[in-house]
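Reading through the structure tokens given below for one structure.
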Amino acid sequence: MPFRSILSKGPRPLVFQLMIVAFILLLTIAPAFAQDEGLTVQAELPLGTISPYIYGANYGPWALAPVDMWPTVEASGVTMLRFPGGNWGDRNNLTKDQVDLFITQARMWKMEPLIHVRLEGGTPEQAAELVRYANIEKGYNIRYWSIGNEPTLFENYSIDKLNEEWRAIALAMEAVDPTILLVGPDVHQYPPTASSTDPQASMREWVRGFLEVNGDMVDIVSIHRYPFPVSFDSPPQSIDDMRLNTKEWDTIIPDLRAVVLEAAGRDIPVAVTEINSNWNNGASAPNTDYHAIWWADVLGRLIRQRVEMVHYFMLANFTDSNFGLMRRYDVRPAYYVFQIYKHFGSELLTSSSSDPDVTITAALRADGALTLIVINLSSEEKTLPFMITGFDTTSLAQVWLLNAEVKAEPVDDIDVSTESITLPKESVTLLVLSGT
């Protein structure tokens with residue numbers, strides 16, 4: 001019997017009528033629920049421009065790239081350098097020669113510079129002189145500056161002392177060049193949860209206390225984070241630990257934005273100016289193939305969270321440490337993550353995945369192509385439904401793959417009209433779809 005005749009055939013008990021309406025609604029919205037399964041891209045729902053400085057790295061006099069590797073640096077896809085990187089800048093005074101070399105390299109490699117001036121052991125006069133030399137005398141026009149690195153680790157230091165010293169240095173720097181943009185406070189471990197009982201919750205209070213005093217001067221609010229190890233006594237991290245860890249950024253950034261708005265009384269862009277999987281080269285150290293998958297997924301989440309700057313730790317390093325996208329004459333797996341994102345678009349689009357081990361990030365490129373980065377964190381191959389709306393495309397998509405065997409290289413095109421996609425285990429897949 002047609003639905004209309006069921007509803008119109010004489011009076012019915014209220015419960016029966018409600019059951020009929022609910023049944024019809026279920027049939028009506030069921031297709032919409034089905035569309036939410038798998039991977040979806042809604043190109044008709046743009047989310048804004050992706051910051052070009054999301055692909056940054058740390059760099060310093062203590063970890064310079066050798067001349068033979070300069071072409072590899074230039075081709076890396078890194079777009080911004082934070083200098084001098086790490087706590088070196090609070091243990092040493094930057095020299096003018098070091099600044100000159102850094103700017104020469106940054107300009108050669110087409111990377112935006114950010115300079116960190118000394119806070120611990122530094123003075124407003126020293127910082128102001130660096131700004132004067134770089135931007136007035138030399139005309140480098142360096143826009144981004146920060147003051148101190150991880151003051152939360154300074155000995156016998158407090159939020160009140162940070163506020164007083166940071167502001168004095170900031171005022172001296174802006175008196176020399178009022179056009180500079182200030183980044184801070186670079187706390188060392190922003191908490192992974194929004195709970196006040198989190199063991200690292202005190203870092204949230206450092207940010208809050210800093211913004212209550214200096215929220216009128218800071219232009220970008222910055223944090224650092226290394227999720228592993230949780231403590232010196234932590235057992236070695238497994239791939240499962242890393243796979244589950246990436247999700248914490250979907251809590252960290254919204255929580256940070258809420259603290260910024262509450263403490264500063266305004267929205268301020270946010271940055272992660274030091275980030276890596278591990279801070280002491282444990283089992284999740286950044287020289288492994290799975291670290292590259294971890295990093296690609298974290299970067300995608302930070303893009304979707306609209307972070308202004310991200311600086312990987314480090315660009316280059318030649319000590320016994322496993323840090324660095326590059327070794328002396330070679331690159332580490334995470335280098336290829338930047339190679340994948342080099343092909344990615346700049347206008348973020350709405351996308352979603354129903355699989356907790358698979359993420360997708362979508363963006364339009366300047367040439368009109370639709371670009372998708374799909375990451376399978378799982379140790380198993382995945383085949384998922386795949387749907388795009390709001391973008392007319394040809395049936396074939398160009399594909400680049402990153403996994404343990406393939407290093408950000410083109411592979412066979414795939415037919416996206418089949419409405420499903422197969423993703424290799426522990427992989428990053430880039431799809432480029434041309435419009436019709």
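For the residue pair residue 195 and residue 143, what label-to-label distance in nm results when each label sits 7 Å from Cα along the Cα-to-beta-carbon direction?
4.0
Counting other C-beta atoms within 10 Å, and keeping those with at most 14, which DSSP coil chymotrypsin sites (Phe, Trp or Tyr not before Pro) do you find in segment 181-267? Walk me through the intermediate numbers first.
Values: sites: 206, 210, 232, 249; in loops: 232.
Within segment 181-267, the qualifying chymotrypsin sites (Phe, Trp or Tyr not before Pro) (loop, at most 14 other Cβ atoms within 10 Å) are 232.
Apply 1/(1 + (r/R0)^6) to the Cβ-Cβ distance of residue 355 and residue 231, taking R0 = 25 Å, and write down the FRET efficiency to the nearest 0.05.
Once rounded, the FRET efficiency stands at 0.20.
Would you mind getting the accessible area per residue of segment 164-314, heavy atoms of the protein chains only, 1.4 Å probe, in Å²?
Values: 5320 Å² over 151 residues.
Each residue of segment 164-314 exposes 35 Å² on average to a 1.4 Å probe.
Quick check on segment 52-146: of the DSSP beta bridges with both residues there, what percent are antiparallel, nearest 5%?
Working: 1 of 11 bridges.
So the antiparallel bridges amount to about 10 percent of the total.
Please name whichever of 414, 168, 79 sits farthest to the positive end of the charge dipole of the chain, dipole taken about the Cα centre and charges placed at Cβ: Lys and Arg +1, Asp and Glu -1.
414
By per-residue mean of other Cβ atoms within 10 Å, what is the highest-first order of 194-201, 265-272, 151-158?
Values: 194-201: 12.6, 265-272: 18.9, 151-158: 14.1.
The peptides rank, most packed first, as 265-272, 151-158, 194-201.
Per residue, how many Å² of accessible area does segment 332-436 show with a 1.4 Å probe? Write down the numbers at each step before the final one.
On the way: 4340 Å² over 105 residues.
Accessible area per residue, segment 332-436: 41 Å².
As a test of the formula, what do you get for the chain when each DSSP H run with n ≥ 4 contributes -39,500 (n - 2.57) and the sum is divided by the residue count, at 222 nm and rounded to the nearest 500 deg cm²/dmol? Walk me through the numbers before you get to the answer.
Numbers: 11 runs with 132 residues, N = 436.
Calculated at 222 nm, the ellipticity per residue is -9500 deg cm²/dmol.
Classify segment 67-157 as rounded, prolate or oblate, taking a ≥ b ≥ c as the square roots of the eigenvalues of its Cα gyration tensor: rounded when a/c is under 1.5, otherwise prolate if a/b is larger than b/c and oblate if not. Don't skip to the answer; put the middle values down first.
On the way: a/c = 2.33, a/b = 1.47, b/c = 1.59.
The shape class here is oblate.
When a/c is below 1.5 the answer is rounded, else prolate if a/b is larger than b/c, else oblate, so apply that to segment 122-210 with a ≥ b ≥ c taken from the square roots of the Cα gyration tensor eigenvalues.
prolate
To the nearest 20 debye, what charge dipole does segment 251-310 have about its Cα centre, counting +1 at the Cβ of each Lys and Arg and -1 at the Cβ of each Asp and Glu? Don't jump to the answer; show the numbers that get you there.
Numbers: 5 positive and 7 negative charges, 31 e Å.
That gives segment 251-310 a dipole magnitude of about 140 debye.
Before anything else, pin down the relative contact order of segment 333-436: Cα pairs under 8 Å, at least 6 apart, normalised by residue count, whole percent.
Values: 221 pairs, mean separation 31.5, N = 104.
Result for segment 333-436 is 30 percent.
Determine the sum of side-chain charges near residue 249: Lys and Arg each +1, Asp and Glu each -1, restricted to other residues whose C-beta is under 14 angstrom from that of residue 249. Can you show the working numbers first?
On the way: positive: 225, 243, 247, 257, 301, 304, 306; negative: 248, 250, 255, 297.
Taking every other residue near residue 249 into account, the sum is +3.
Could you name the aspartates and glutamates in cross-link range of residue 425, using Cα to Cα under 15 Å and dropping any fewer than eight places away on the same chain?
Those aspartates and glutamates meeting the cut-off are 240, 289, 297, 355, 357, 380, 381, 405.
Any of 110/407; 110/247; 247/382 with alpha carbons more than 28 Å apart? Name them for me.
The answer is 110/247.
Using 0.36 nm times the number of residues separating residue 395 and residue 179, minus their current alpha carbon distance, what extension gain do you get?
72.9 nm
Which whole-angstrom value gives the distance between the alpha carbon centres of segment 284-326 and segment 71-135?
With segment 284-326 and segment 71-135 each reduced to a Cα centre, they are spaced 20 Å.
Which of 420, 379, 234 ends up with the largest GNM mean-square fluctuation for the chain, with Cα atoms connected below 10 Å?
Its mean-square fluctuation being the largest, the pick is 234.
What is the helix-to-structure angle for 159-176, meaning the angle in degrees between its Cα long axis and the longest Cα principal axis of the chain, kept from 0 to 90 and rounded to the nearest 10?
Here the helix axis deviates by roughly 80 degrees.
Count charges around residue 274 for me, please; just the other residues with Cβ under 11 Å from its Cβ, Lys/Arg as +1, Asp/Glu as -1. Write out the running numbers ahead of the final one.
Values: positive: 82, 225; negative: 150, 186.
That works out to 0.
With percent of Cα pairs over 27 Å apart as the read-out, I listed (1) 68; (2) 56; (3) 71; which label goes with the value calculated from this structure?
Computed from the coordinates, percent of Cα pairs over 27 Å apart corresponds to (2).
What is the helix-to-structure angle for 14-35, meaning the angle in degrees between its Cα long axis and the longest Cα principal axis of the chain, kept from 0 to 90 and rounded to the nearest 10?
Value to nearest ten degrees: 50.
Nearest-5 percent of antiparallel DSSP beta bridges in the chain? Please report the intermediate quantities before stating the final value.
Details: 42 of 76 bridges.
Antiparallel bridges: around 55 percent, rounded to the nearest 5.
Assuming R0 = 35 Å, can you tell me the calculated FRET efficiency for the pair residue 108 and residue 244, based on Cβ-Cβ distance, to the nearest 0.05? Walk me through the numbers before you get to the answer.
Values: r = 40 Å, r/R0 = 1.15.
Once the sixth-power term is evaluated, E becomes 0.30.
Just tell me which aspartates and glutamates come within less than 18 Å, Cα to Cα, of residue 96; anything on the same chain fewer than 8 places away is out.
125, 129, 137, 177
Shape of segment 294-415 from its Cα gyration tensor (a ≥ b ≥ c, root eigenvalues): rounded if a/c is under 1.5, otherwise prolate when a/b > b/c, or oblate? Display every interim value, and only then the final one.
Details: a/c = 1.81, a/b = 1.64, b/c = 1.10.
Prolate.
Taking all protein chains as present, what is the carbon and sulfur share of the accessible area of the chain, in % to the nearest whole number, probe 1.4 Å?
On the way: 10330 of 18860 Å².
Here it works out to 55 percent.
The values are calculated or read from the model by the stated rules, or taken from the named source; none is laboratory data. Model, not experiment: these values are computed from the prediction. Don't worry about glycine lacking a Cβ; one is built from the backbone with ideal geometry, like all the others, and counts go over all protein chains shown. These area figures cover heavy atoms from the full protein model, side chains too; ligands, DNA and RNA do not enter into them. Shrake-Rupley method; radii C 1.70, N 1.55, O 1.52, S 1.80 Å.
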